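One structure below.
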Amino acid sequence: PLRALVAANTRRGLAVSRAVNLGVGTFDPVDGARDAKRCSQVQLLAFLVVVDELGSFFFPSPLSAYMSGILLNVPPPSSLEKVTGSKIDCVFQDPVFTQPDRDFLVGLGHRVVEDPVACAMVDAETLLFGVHLYRPVYAAALEKSLPAIFVGTGWDVWDELSRTDCLEKMEVMEKTYKKCAFPQDSHGSAFSSTSIYWKPVPEVENKAAETGDSLVVDGEVSRKLESKSIS
């Protein structure tokens, strides 16, 4: 499951203070495309699970209830900061967002910015989450700084010709970051060809951080969230 993957691979001492989500799509497409709608919803849920595991907030009710909140257009459960975590600033950007999309995300306590503002917000303490984006978007997001964690199309997916076109920063991550395949959605292709990269933490910083509290979510909350886990 996604939660277990993040918990197992995120080393203590890796600072994440902001999460930037690019291109998640509209949650209620005008043409009513069911697959596109579900893909956006599943990607949003995955993003929130990753942020939660990194220490921002947890959902006091099961994740399945949260999904119902999206599908049935009812208010989502309120979020609470973890005892040992700090608030992670979540920023969303997608040119296709409608006003209801913006209102929904703001209602969850997040920020929505216009293109290309979020790309310029990526720094060394950022979780950059962008699934199935175009190369120029990845290039713009990685131009200023390499993120702490990156979720998106892996370097290996691009063919030899396109790899050299504005993706030099991604190549650096491929060579220096820890990389895993992103867990797949068993009912669709929301995360096909998607990888997750972790910036290496200097050994000294990692050992120092090991004296702190665990990042693993409380067992009960974890069980609730995983009642609708993304495998």
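The values are calculated or read from the model by the stated rules, or taken from the named source; none is laboratory data. As the structure is a prediction and not an experimental result, all values here were calculated from the model. Counting neighbours? That spans all protein chains shown, and the Cβs are built from the backbone with ideal geometry, glycine included.
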Note to self: Of everything in region 156-172, what is within 18 Å of F191 (Cβ to Cβ), surrounded by 18 or more Cβ atoms within 10 Å (Cβ to Cβ) and in contact (Cβ under 8 Å) with a residue 24 or more places away in the chain? Give them in sequence order.
What the structure shows: M170
Check: Of the residues D185, D165, which single one is under 20 Å from V6 (Cα atoms), out of contact with any Pro (no Cβ under 7 Å at 6 or more places or on another chain) and at pLDDT below 90?
Finding: D185
Check: Which of the residues spanning region 13-57 are of a type in the set (D, E, K, R) and in contact (Cβ under 8 Å) with a residue 40 or more places away in the chain?
Finding: R18, D28, D35, R38, D52, E53
Check: Can you pull out the residues in region 1-35 that are aliphatic (A, V, I, L, M) and crowded, with 16+ Cβ neighbours inside 10 Å?
Finding: L2, L5, V6, A7, L14, V16, A19, V20, L22, V24
Next item on the list: Select from region 1-14 the residues that are within 15 Å of the chain's Cα centre (by Cα) and assigned to a loop (DSSP other than H, G, I, E, B) and write down the one among them that is modelled with the highest pLDDT.
Entry: T10
Next item on the list: Determine whether region 139-154 contains at least one residue that is at pLDDT 95 or above, under 20 Å from T26 (Cα atoms), buried (at least 16 other Cβ atoms within 10 Å of the Cβ) and touching an Asp or Glu at 6+ places or on another chain (Cβ under 8 Å).
Entry: no
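Condition check ((1) surrounded by 16 or more Cβ atoms within 10 Å (Cβ to Cβ); (2) touching a Ser or Thr at 6+ places or on another chain (Cβ under 6 Å); (3) at pLDDT below 90) across all residues:
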{"position": "V83", "(1), (2), (3)": "no, no, yes"}
{"position": "V96", "(1), (2), (3)": "no, yes, no"}
{"position": "D101", "(1), (2), (3)": "yes, yes, no"}
{"position": "V106", "(1), (2), (3)": "no, no, no"}
{"position": "D115", "(1), (2), (3)": "no, no, no"}
{"position": "C119", "(1), (2), (3)": "yes, no, no"}
Margin query: Which count do you get for residues in region 188-222 that are at pLDDT 85 or above, farther than 20 Å from T126 by Cα and surrounded by fewer than 16 Cβ atoms within 10 Å (Cβ to Cβ)?
Written below: 3
Notebook entry, point to check: Within the group V20, V42, V51, V24, which residue is part of a loop (DSSP other than H, G, I, E, B), at pLDDT 90 or above and under 22 Å from L127 (Cα atoms)?
Noted result: V24
Check: Quick one: which of S68, S78, S64 is modelled with pLDDT under 50, in contact with a helix residue (DSSP H, G or I) (Cβ under 6 Å, 6 or more places away or on another chain) and over 30 Å from V201 (Cα atoms)?
Finding: S64
